[in-house]
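Just so it is clear, none of the values below were taken in a lab; they were calculated from the coordinates. Computed from a predicted model, the values in this text were never measured in an experiment. Because the Cβ atoms are built from the backbone with ideal geometry, glycine has one as well, and the counts that use them run over all protein chains shown.
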Amino acid sequence: DEEDILAAAEELDNNSSTLLIVWEDLWAAPLAAEIVASGGQLISGRRISHQVVTEVLEAIEGNAS
């Protein structure tokens with residue numbers, strides 16, 4: 001969302017640029033529907049929260065120093 005874009009922009013040095021790529025796996029919903037329609041069963045579904053991703057990235061950056 002806009003907050004994520006602003007946070008990324010704050011990290012940029014003057015006269016620099018970046019590329020943000022955001023995607024949604026649109027193929028996953030129809031695939032899941034077909035599997036269930038064929039008798040399959042969803043055992044688990046999970047999204048990784050922004051907080052967890054941020055913590056992992058900070059830990060990686062800390063180890064790289």
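Exposed loop sites, defined as GluC sites (Glu not before Pro) outside DSSP H, G, I, E and B with at most 15 other Cβ atoms within 10 Å, are absent from the longest region of the chain, namely 25-65.
Span-like helix check, the chain: qualifying full DSSP H segments, with Cα axial length of 18 Å or more and mean Kyte-Doolittle of 0.0 or more, are 50-64. Add +1 for every Lys or Arg and -1 for every Asp or Glu among the other residues with Cβ under 15 Å from the Cβ of residue 17, and state the total. Surrounding charge for residue 17 is -3. Dimensions of the chain from C-alpha coordinates, computed as largest minus smallest value along each principal axis and given longest first, are 55, 26, 18 Å.
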